[in-house]
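The values are calculated or read from the model by the stated rules, or taken from the named source; none is laboratory data. Just so it is clear, the model here is predicted, and its values are computed rather than measured. Cβ coordinates were reconstructed from backbone atoms using ideal geometry, including for glycine residues, and neighbour counts include every protein chain displayed. Just the protein is used for accessible areas: all its heavy atoms, side chains included, with ligands, DNA and RNA removed. Shrake-Rupley method; radii C 1.70, N 1.55, O 1.52, S 1.80 Å.
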Amino acid sequence: DAGITQSPRHKVTETGTPVTLRCHQTENHRYMYWYRQDPGHGLRLIHYSYGVKDTDKGEVSDGYSVSRSKTEDFLLTLESATSSQTSVYFCAIRDPSQRTNYGYTFGSGTRLTVV
Amino acid sequence: AQSVTQPDIHITVSEGASLELRCNYSYGATPYLFWYVQSPGQGLQLLLKYFSGDTLVQGIKGFEAEFKRSQSSFNLRRPCVHWSDAAEYFCAVGLIKAAGNKLTFGGGTRVLVKP
């Protein structure tokens, strides 16, 4: 999607290893989010950020940490990956201007498999 | 607790027929309402949104949705389904000016289109 890039797009990792997913934006938006998508659950919020070094937990934050040292980058880290963290991870940015859609712009997703 | 429910996990519809996807929410206040579509292997695209005003909202690709406050519903409609409408559809709600401006998603409805 324009203005937001996720990396890597696919990753396979072993149980117990740390994993970091990167979300990069070129829109200079204040708000950034990490969601995970699982069948039957839709998207669930893991963590979000409302500015550099300002982050907060979402509904499924256990086992995840985040960092935002620059406006453009929001990193999601799985401290010790487990099979239950196999999922598709989406990053999103939010434009607070009502002249646009007010809603989110999503990245293309990262498919993570923990074996 | 805040929640969004999409009662139908799967819907199969014939090409050219009409389609209605249901969405019900449980919130203490009037939320912002959104419908997103996800084609296979893709990210999420915003179809339409409701903030206030006219309760019948027009979106992209010929979709429309109607907000019914009395029923806490925001159902999506497509009068004439095309084969390219096969995708997964997500309803999402967000509280106005809530901390973090987070969205809560329903579990999704997968639409299959028969020729």
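Pairs spanning more than 31 Å between alpha-carbon atoms, out of A:K70/B:K102; A:K11/A:K70; B:K61/B:K102; A:K11/B:K61: A:K11/B:K61. Residues whose amide H comes within less than 5 Å of that of B:C23, counting only those at least five positions distant or on another chain, are B:F74, B:N75, B:L76 (H built at 1.01 Å from N in the peptide plane).
Only protein heavy atoms count here; on that basis, with a 1.4 Å probe, A:S69 has an accessible area of about 80 Å².
Where does each of B:L47, B:L95 land when they are ordered by accessible area, with a 1.4 Å probe and the largest first? Each step should come with its number before you reach the end.
Values: B:L47 5, B:L95 40 Å².
In descending accessible area the options line up as B:L95, B:L47.
For the stretch B:54-59, putting each phi into the Karplus relation 6.51 cos²θ - 1.76 cosθ + 1.60 with θ = phi - 60° gives couplings of 3, 7, 9, 10, 9, x Hz, in residue order, rounded to whole numbers and with x for Gly and Pro. Since only B:S84, B:S39, B:L112 are under comparison, the one whose Cα sits farthest along the positive direction of the charge dipole of chain B, derived from C-beta charges on Lys, Arg, Asp and Glu, is B:S39.
Counting only protein chain heavy atoms and rolling a 1.4 Å probe, the accessible areas of A:H41, A:H29, B:H10 rank, largest first, as B:H10, A:H41, A:H29. Scalar couplings 3J(HN,Hα) for the stretch A:46-57, obtained by applying the Karplus form with A = 6.51, B = -1.76, C = 1.60 to θ = phi - 60°, are 9, 8, 9, 10, 10, x, 4, 6, 10, 9, 8, 7 Hz; x denotes Gly and Pro. The solvent-accessible area of A:K70, taken with every protein chain present and a 1.4 Å probe, is close to 90 Å². Straight Cα distances below 18 angstrom link B:K114 to the aspartates and glutamates B:D8, B:E15, B:E20, B:D85, B:E88, with same-chain residues fewer than 8 positions distant left out.
Computing FRET efficiency as 1/(1 + (r/R0)^6) for B:A29 and A:T113, where r is the C-beta to C-beta distance and R0 is 45 Å, gives about 0.70.
For A:L43, the residues whose amide H sits under 5 Å from its own are B:F105, ignoring neighbours fewer than 5 places away on the same chain, with H placed 1.01 Å from N. Annotation: A:D56 carries an accessible surface of approximately 70 Å², with a 1.4 Å probe and no ligand, DNA or RNA atoms counted.
Could you give the dipole magnitude of chain B about its Cα centre, charging the beta-carbon of Lys and Arg +1 and that of Asp and Glu -1, in debye to the nearest 20?
Working: 11 positive and 8 negative charges, 52 e Å.
That gives a dipole near 240 debye.
Backbone geometry of the stretch A:80-93 corresponds, through the Karplus equation with coefficients 6.51, -1.76 and 1.60 at θ = phi - 60°, to 3J(HN,Hα) couplings of 8, 4, 10, 4, 5, 8, 4, 5, 9, 10, 10, 9, 9, 10 Hz, x marking Gly and Pro.
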